[in-house]
1. Between (1) 5, 20, 23, 20, 16, 12, 4; (2) 5, 20, 16, 16, 18, 16, 9, 1; (3) 5, 26, 34, 28, 6, 0, which matches P(r) over Cα pairs in 5 Å bins from 0, in percent calculated for the structure shown?
2. Could you pull out the trypsin sites (Lys or Arg not before Pro) across segment 1-34 that fall in loop regions by DSSP (anything but H, G, I, E, B) with no more than 12 other Cβ atoms inside 10 Å?
3. Using helices alone, I'd like the mean residue ellipticity at 222 nm for the chain: each DSSP H run of four-plus residues gives -39500 (n - 2.57), total over residue count, nearest 500.
Amino acid sequence: MQIGTVIRKYRKEKNMTQEEMASYLGVTAPAVNKWENGVSQTKGY
């Protein structure tokens, strides 16, 4: 399973929008969108 699929699944299970997820994570909504669509990878902190 791709990380974007996992992020989207978790977000939808929590009934969160991309904007809400972004705010929770301290990133922008476009970043969440890119992660979910496989355009950009998350950094492993």
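Readers should treat all values here as calculations from the given coordinates under stated rules, not as data from a laboratory. Only a predicted model underlies this, so the values are computations on that prediction, with no experimental measurement involved. Note that each Cβ is placed from the backbone with ideal geometry, even for glycine, and that neighbours are counted across all protein chains shown.
1. Calculated P(r) over Cα pairs in 5 Å bins from 0, in percent: the matching label is (3).
2. Here the sparse-neighbourhood loop sites are LYS14.
3. Helix-only estimate at 222 nm: -17000 deg cm²/dmol.
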